[in-house]
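The values are calculated or read from the model by the stated rules, or taken from the named source; none is laboratory data. None of the values given here were measured: they were computed from a predicted structure. Neighbour counts are summed over all protein chains in view; Cβ atoms, including those assigned to glycine, are modelled from backbone coordinates with ideal geometry. Only protein heavy atoms, including side chains, enter the accessible area calculation; ligands, DNA and RNA are left aside. Shrake-Rupley method; radii C 1.70, N 1.55, O 1.52, S 1.80 Å.
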Amino acid sequence: MLRMLFGEPPRVLDGKLLETMQAMERYAAALHKQIEKSHDVDHKLRKYEIYTQGLIVSLDELEESQYAARKFSRLITSTSYSSMSQEERMNYHRYVYFDKNAFIRQFSLLDKLGTLMNDYLGLQTERVKPHFSYFTVLRTMMQRKAHQELALPLFELKEQAKPAMNRLRKRRNMEIHFMNSEMQDDLRQSHEDYDEEHQLENIAQQMSDLDEMMDLVLDTLRLTFHHAYRQMRK
C-alpha cells in the first residue's frame with residue numbers, strides 16, 4: 001500500500017512475515033471450514049475467524065508503517081532540526097508520523113491478540129482485570145501454569161525483547177498520555193542547556209527498537225496461531 005510513496009511495486013511477502021501470515025490464514029481457513037460443517041450455533045468460531053482476519057489486516061498495516069518509517073529515516077542526515085533544509089524537515093516529520101504509527105500499532109496488535117488468546121484458551125483474565133493487555137494474559141498463563149507449551153516460549157520471547165520493548169512502551173505511554181514522544185529530548189535538553197542547539201533523538205536506536213519489537217510481534221503471532229490451529233484440530 002505505502003510502497004507507492006517511494007515509486008515501488010506492492011510488497012512481496014517473504015521471510016518471517018510470510019510464515020506468520022500463512023499461520024494466521026491457515027487458522028482462519030480451518031475455522032471457516034469447521035463453521036460450514038458444524039453451523040457454529042454459538043457463533044464462537046465465527047468470532048475467532050473475524051478476530052483472526054482483523055489481526056491479518058492489522059499486521060499488514062503495521063508492516064507498511066514500519067517500512068515507511070525506515071525509508072524516511074534514511075533521508076535524515078542532520079543532527080538537529082534547526083540545521084535541516086525544508087525538504088529534510090518534511091522527511092523528518094514523515095518519519096516521526098510513521099514511527100509513531102508503527103510503535104503504537106505494535107502494542108495495539110498484541111493487545112488484540114491477547115483478547116483472542118484469552119477467549120480461545122478459556123483464561124477469563126477479565127475476572128481479575130477488566131481491561132487487560134496481551135502481557136496480562138501472558139502473565140496469567142505463567143502464574144496458573146496454563147498451556148505451558150505456548151506460555152513458556154512466549155515468555156522467553158518477551159524477556160529477550162524486554163529492553164527495546166520497555167523503551168518503546170515508555171515512548172508509547174508518553175505519546176498517548178503526556179506529550180509528543182519526539183519532544184521528550186527537547187524537554188530534557190531545555191532543562192540542561194537552554195541556549196544550546198537541540199539535537200535530534202537517536203533515530204537509529206529508535207529504528208532498531210522498532211525492528212526488534214516487530215520480530216517479537218511476528219514470532220508471538222506465529223507461535224500462537226500454530227498453537228490455536230493444533231488446539232482446534234484436537
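Each of the peptides 162-175, 51-64, 74-87 was scored by the mean count of other Cβ atoms within 10 Å over its residues; in descending order, highest first, they stand as 51-64, 162-175, 74-87. The string of couplings for region 144-156 from the Karplus curve (6.51, -1.76, 1.60, θ = phi - 60°) is 8, 6, 9, 6, 4, 4, 9, 4, 5, x, 5, 5, 4 Hz, one whole number per residue in order, with x for Gly and Pro.
What the pair-distance distribution of the chain shows, using all Cα-Cα distances binned every 5 Å from zero, is 1, 6, 12, 16, 17, 14, 11, 9, 6, 4, 2, 1, 0, 0, 0 percent. Output the 0 to 90 degree angle, nearest 10, between the alpha-carbon long axis of helix 86-120 and the longest principal axis computed from the alpha carbons of the chain. Tilt of helix 86-120: around 20 degrees.
Compared with the dominant principal axis of the Cα atoms in the chain, helix 162-173 is inclined by about 70°.
A simple rule links phi to the HN-Hα coupling: the Karplus curve 6.51 cos²θ - 1.76 cosθ + 1.60 with θ = phi - 60°, which for region 16-25 gives 4, 5, 4, 4, 5, 4, 5, 5, 5, 5 Hz, with x for Gly and Pro. 3J(HN,Hα) along region 212-225, derived from phi through the Karplus expression 6.51 cos²θ - 1.76 cosθ + 1.60 where θ = phi - 60°, amounts to 5, 5, 5, 4, 4, 4, 5, 5, 5, 4, 4, 4, 5, 6 Hz, with x in place of Gly and Pro. Here's how it looks for residue 132: its modeled amide H is under 5 Å from none belonging to a residue 5 or more places away or on a different chain. When the surface is traced with a 1.4 Å probe over the full set of protein chains, residue 140 keeps roughly 10 Å² accessible. Taking a straight line from the alpha carbon of residue 162, these lysines sit under 23 Å away, with near neighbours fewer than eight places off in the same chain left out: 16, 100, 112, 129, 145, 170. Charging the Cβ of each Asp and Glu at -1 and of each Lys and Arg at +1, and nothing else, the dipole of the chain about its Cα centre rounds to 1460 debye.
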